[in-house]
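Working notes for the structure below.
The values are calculated or read from the model by the stated rules, or taken from the named source; none is laboratory data. In this text the structure is predicted, and so the values were computed from the model without any measurement. Methodologically, a virtual Cβ is constructed for each residue, glycine included, from the backbone with ideal geometry; neighbour enumeration extends over all protein chains shown.
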C-alpha cells in the first residue's frame, strides 16, 4: 500500500511539473519583432593574423530595412534607477545610461560616426559665442520651436533655466556639476555658470563668471541634459521643503514624473529582469537626413520600442543572441574574444570590433627619484617593445599606442605626428633598445657595477636575451628597489602581463624592480593621496576612458600641475609639473575655435612625448555582436562601438 | 525546553551583535571607498566627490559608524545603499530575497528528496550493481565542475531543445505591461507554497492521529487532493500565466542545482542507513517477518533521517546566500549576485546588510536544528 502511495505521489509530481510547463508554453513567447527574415547578410570579416573582426562599413551594402517592432537588447547588469536626476548623480551607471540617455535632449549634441557638434534643442548648429556683460560673460541661445516633450508640451527656455536652478539650489553633485559647472568661491579662475535665464520661451541666456572656452561652452553646458519643468517642478518644490532635498528628488519615481524629449521614452522597468522604452512619437528630429563621418542616414526612431533584458553572463547572452531572443548585446567592455567563434559560426550573426576612446598607461611618481629623472623614463620607454607585447604576448588582443589621443577619434587624431612619435621606437632590435637605453642612463649619471649587455652565443652571435645589469647607482648612490602596481590578472590580464614584462625590462637595465598585480580597489587606494597627503607609489599601470570625444578635455585633468592630486585631489597622480605644458593646457581650455584647440592639443602631445609623465602602452578594441538577421544599422564603424551611442536606438531598422 | 530555547536565543543575539560589528569593520577595512568610483571620472571635480562622501556619512569616524550601524540594524534600519542611493538596503534585500528563496529552497528540497530516496536504496542494496551505479553517478555529480555543467544544461535544454528559457526569471514579452510587479507574484507564490507545505503537514498529522483505517484513507487521498486544489487555485487565478512563466524559468536552474546537490545527501543517507541497519531492532523486525519494504522505509529509513534532517535545516539556513555562480549563469538576480556586486563596488551598507540577514537566518537555522534534534531524538531531550 505504501509503495502504491509513493508511486502515485511521484506521478502526481510529474503531472504537476508537466502542467506548469504546458501552461508556460501556452504563453506564446518568442519575440515580437516583425523583422522580415529573408536571409541573413552576415558581414563579418576577419583580419587573418589576429582573428579579430573588423568592420568595413564604407564597403558594405546597405542592409537597413523597414520599421522594427521591438529592438531587443541584452545588458549585463540591472539598471540602478528610473530617475534621471539620480542617474546623473549617485546612481550613475553605464547600464542605466543605455536606457535613459536617449530620453533627454540638450542644446547641442554630437553626430556619429563623425563626432561633429550639431544642434539639438538649439535653433542652429552655429554656436553663439556671447559677449561680456558686467563682470561676467553672457551667451544667448535661440532654441528651436518644434521640440516637444512626449506629452505634447513644448520644450522651452524655461526648462533649461529650471534644470540649472535645480542643480544649483538643491546642491546636486556628480555629473550634474560637470555638466552645469558652478563658480568655485575658493578659486576665482574656475569658470562657472552664475545664472541661466529664460529671456522668452525660445531664447535662453547663459551667464558665466568669465568667458568660457569651448570645453565649457558648448561642450559641457551645451550638451547638458535638459529636464522638464512642468512635470518635475512640483517634485523639486516638495524636495526643497524636505531635510535632504537632493535625496528627496532622487527618491522620486522617474516613470511617474518624467517625460521624454529625446528619441526614446523610458516606460517600464521590472527590477532584475528588463527595462523598456518606447519610441517618442513627437521626436522633433525624426526623418532628418544626417551626413556624418562620410555616412548619410535618416534619423528615426524606426523601432516602436526597445527592450533591455538583463543577463547574468556573456555565455547565456550569446546563446540568447543565437536563439533570436535578443538582437544586440550592450556592454561597455565589449564581448569576450572567447565567444567570437560561436558568432562566426552563425550566419545570422555579425561581430564588429571598433576602437575605444581610452588608453592604458604606465604612470610615474615624478616626485621621487629615479622616476623624476627624465633619462629613467626615456630609457624605460625605449626598452618597452609595444609591438612585441601587442602581437606576440597579448596575441593581438591589444594594439600599441604612442599618443594619448587614440587613433579611433578620427576628428582629433593627427596621424602624422603620432607616427613620428612611434618612429622612435618601432622596429628596433633588442640590441638597439638596450644599447640606446644604457647610453641614455649613462649620460644622465647612472653607473653600474656590471653594465647590462645583450647576450651572445659562443661564436659571438647576438641572442634574443640580455645579461642583466648589476648594482645600478645614480650619482654614486644605489637606486632603491622599485614597485610597479597593476590590476590583477582576474581584473585585467593584459595589464597584469604588461607589468611583469616591465619588471623584466627594468631588471635588464639593472634596476631592482618588482611587479605587483593587485586588487583593483587596493591599487586605486594605493595611488590616491595617503593619510599624510603623500604619494606612496613608484609606478602604476591603469587606464582612462576619455569622456567626450567631440572636444577632449582630459589633458588638463591628467597633466596640469593645478590638478596634482596632492594639491587638490585631482587626476594628476604622478605630480607632473611643467610650466610649458600648463601654459598650453590653459590656452586649450580657453580656446575659442576647434582649429586653435587642435593645434594646442598636439603641442601638448609633443611636450608629453618629451617629458613622459605617462608611457602609453596599449588599447583594446571593443568587440560587439548583433543579429544581422533581424536588425541593421546605417553604420557600424564608430568610436567606442555601437554601445557608445546606446546601441543606436534612434537609427536601428529591421534587416532588409 | 523553553529555558533552553530562551538561553540559545540570548546567545544568538549576542553573537549577532558581535558578528555585525566585526562584519562592518572588516568590510570597512577594504581598500578605498565609494568615492573611488567617482574618482574614475576625471571631469568630476573633487567637491562633487566630497558631497557624496558627506551625504553617505563617510566623513564620520569608524567606531561611531559601527555602533550606529549595529544599533540601527536591530531597529530594522540597515542604512542606505551607496550604489543605489537613496534606496534603503532593506528594500534592495527585500527585492532580491523572494527570488533567491524560491530558487534555492526548491532546489534544496528537491535535492534532499532525491538524495534521501536514492541513499535509502543504496544502503538497502549494498554491494549490488545499483549501489555501484548510484555511487559512481553521485560522485560524478558531486565533483562535476559546476559552471561548466550549468552552461551545458543551459545549452542542451535551453538552446538545443528549446524546452526551457535561456536563463532569466521572467519573459520580457510576457511581462510587458504586467498588472503586477514580478516580486509580488514571487511573494504570492512563496506564501502559497508555504501554505501548501503547512496543509500537507497537517494532513499527515491528521492521518497519524486518526484510527488506522480512516488514517490510511486520509494519507492516500488527502495529499493528492490538496495538491490538486493548489494547482486549481493558480490555474483559475488571473495571474496564472505569470506564475507559469516564473515556474517555467525556475525549473532548469532548480534541476541543475538539485542534480549536483543531491549526491551529498545520498551518500550521507547511505552511511546513516547502513549504521541503522546494524541495530538490533532491525534484526527484530526481520525476525518478526515484516515485509522488507516496511523494514526499510518505516524502521530503518525513519531513524536514519536524523542527520539528514539536521543537514537539511542547516542547508536551508544558507539558502539565502544563494549561489553566485548559479545566479550569474542563469541570469537569476538574487542575493548572491547582489552580495558580490556590493562587495566589489564598496557598497558597505548593502554588503553588510546582506551578510547580516544571512547571519540571522543561519542563527535561526541552528536554533531550529537544536530544537529538532531534541524533538527527534529522545536521548538528547533526556540529557
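In this structure, is residue A:340 assigned to a helix (DSSP H, G or I), within 26 Å of the chain's Cα centre (by Cα) and more than 14 Å from chain B (Cβ to nearest Cβ)?
yes
Which of the residues belonging to the stretch A:253-310 are in a loop (DSSP other than H, G, I, E, B), surrounded by 20 or more Cβ atoms within 10 Å (Cβ to Cβ) and either modelled with pLDDT under 90 or within 14 Å of another protein chain (Cβ to nearest Cβ) (or both)?
A:272, A:273, A:300
Among residues belonging to the stretch A:531-555 that are within 10 Å of chain B (Cβ to nearest Cβ) and out of contact with any helix residue (DSSP H, G or I) (no Cβ under 6 Å at 6 or more places or on another chain), point out the one that is surrounded by the most Cβ atoms within 10 Å (Cβ to Cβ).
That would be A:553.
Evaluate the following for residue A:382: is it under 28 Å from residue A:431 (Cβ atoms) and in a helix (DSSP H, G or I)?
Spelling it out, residue A:382 is indeed under 28 Å from residue A:431 (Cβ atoms) and in a helix (DSSP H, G or I).
Out of curiosity, is residue A:397 outside the structural domain of residue A:293 (by TED's automatic domain parsing), buried (at least 20 other Cβ atoms within 10 Å of the Cβ) and either assigned to a loop (DSSP other than H, G, I, E, B) or modelled with pLDDT of 90 or more (or both)? Even if it seems obvious, please write down each step before you answer.
Values: outside the structural domain of residue A:293 (by TED's automatic domain parsing): yes; buried (at least 20 other Cβ atoms within 10 Å of the Cβ): no; either assigned to a loop (DSSP other than H, G, I, E, B) or modelled with pLDDT of 90 or more (or both): yes.
No.
For the stretch A:586-622, what are the residues that are within 22 Å of the chain's Cα centre (by Cα) and farther than 19 Å from residue A:363 by Cα?
A:588, A:589, A:594, A:597, A:598, A:601, A:602, A:621, A:622 - these are the residues of the stretch A:586-622 that are within 22 Å of the chain's Cα centre (by Cα) and farther than 19 Å from residue A:363 by Cα.
When both residues are 6+ apart or on different chains and their Cβ atoms are under 8 Å apart, which pairs have a first residue that lies in the stretch A:503-530 and is touching a residue at least 60 places away in the same chain (Cβ under 8 Å) and more than 14 Å from chain B (Cβ to nearest Cβ), and a second that is in a strand (DSSP E or B) and buried (at least 18 other Cβ atoms within 10 Å of the Cβ)?
The qualifying pairs are A:506/A:482; A:506/A:484; A:506/A:513; A:508/A:466; A:511/A:482.
For residue A:421, are the conditions met, namely being outside the structural domain of residue A:634 (by TED's automatic domain parsing), in contact (Cβ under 8 Å) with a residue 60 or more places away in the chain and more than 28 Å from residue A:272 (Cβ to Cβ)?
Criteria met by residue A:421.
Just checking, does the stretch B:320-330 include any residue being assigned to a helix (DSSP H, G or I), more than 14 Å from chain A (Cβ to nearest Cβ), closer than 21 Å to residue B:105 by Cβ and under 15 Å from the mean Cα position of the chain (by Cα)?
yes
Given the criterion touching a strand residue (DSSP E or B) at 6+ places or on another chain (Cβ under 9 Å) and surrounded by fewer than 23 Cβ atoms within 10 Å (Cβ to Cβ), identify the matching residue among A:608, A:600.
None of the other options fit; the residue is A:608.
Mind telling me which of the residues A:574, A:641 ends up being modelled with pLDDT of 90 or more, within 14 Å of another protein chain (Cβ to nearest Cβ) and under 27 Å from residue A:493 (Cβ atoms)? Lay out the reasoning, then the answer.
Working: A:641 fails: within 14 Å of another protein chain (Cβ to nearest Cβ).
The match here is A:574.
Would you mind stating whether residue A:239 is out of contact with any helix residue (DSSP H, G or I) (no Cβ under 6 Å at 6 or more places or on another chain) and not in a loop (DSSP other than H, G, I, E, B)?
no
For residue A:390, state whether it is outside the structural domain of residue A:280 (by TED's automatic domain parsing), farther than 21 Å from residue A:542 by Cβ, touching a residue at least 12 places away in the same chain (Cβ under 8 Å) and part of a helix (DSSP H, G or I). Lay out the reasoning, then the answer.
Values: outside the structural domain of residue A:280 (by TED's automatic domain parsing): yes; farther than 21 Å from residue A:542 by Cβ: no; touching a residue at least 12 places away in the same chain (Cβ under 8 Å): yes; part of a helix (DSSP H, G or I): yes.
No; evaluated as a whole, the condition is false for this residue.
Hey, does the stretch A:183-194 have a residue that's assigned to a strand (DSSP E or B), at pLDDT 90 or above and on the phi < 0 side of the Ramachandran plot?
For the stretch A:183-194, residues assigned to a strand (DSSP E or B), at pLDDT 90 or above and on the phi < 0 side of the Ramachandran plot: present.
In the stretch A:443-470, which residue that is touching a helix residue (DSSP H, G or I) at 6+ places or on another chain (Cβ under 9 Å) and not in a strand (DSSP E or B) is surrounded by the most Cβ atoms within 10 Å (Cβ to Cβ)?
A:469
Please go through the stretch B:135-192 and give me each residue that is assigned to a helix (DSSP H, G or I), facing chain A (nearest Cβ under 8 Å) and in contact with a helix residue (DSSP H, G or I) (Cβ under 7 Å, 6 or more places away or on another chain), ordered by number.
B:151, B:154, B:155, B:158, B:159, B:174, B:175, B:182, B:183
Got a sec? Which of A:491, A:498 is over 26 Å from residue A:375 (Cα atoms), touching a helix residue (DSSP H, G or I) at 6+ places or on another chain (Cβ under 9 Å) and touching a residue at least 12 places away in the same chain (Cβ under 8 Å)?
A:491
Filtering the stretch A:313-337 down to residues that are within 24 Å of the chain's Cα centre (by Cα), crowded, with 24+ Cβ neighbours inside 10 Å and within 20 Å of residue B:149 (Cβ to Cβ), which residue is farthest from the other protein chains (Cβ to nearest Cβ)?
Among residues in the stretch A:313-337 that are within 24 Å of the chain's Cα centre (by Cα), crowded, with 24+ Cβ neighbours inside 10 Å and within 20 Å of residue B:149 (Cβ to Cβ), the one farthest from the other protein chains (Cβ to nearest Cβ) is A:318.
Only one of B:207, B:258 is touching a residue at least 12 places away in the same chain (Cβ under 8 Å) and under 30 Å from residue B:141 (Cα atoms); which?
The match here is B:258.
Pull up the stretch B:44-93, narrow it to residues that are within 11 Å of chain A (Cβ to nearest Cβ) and surrounded by fewer than 19 Cβ atoms within 10 Å (Cβ to Cβ), then point me to the one that is modelled with the highest pLDDT.
So the residue we want is B:91.
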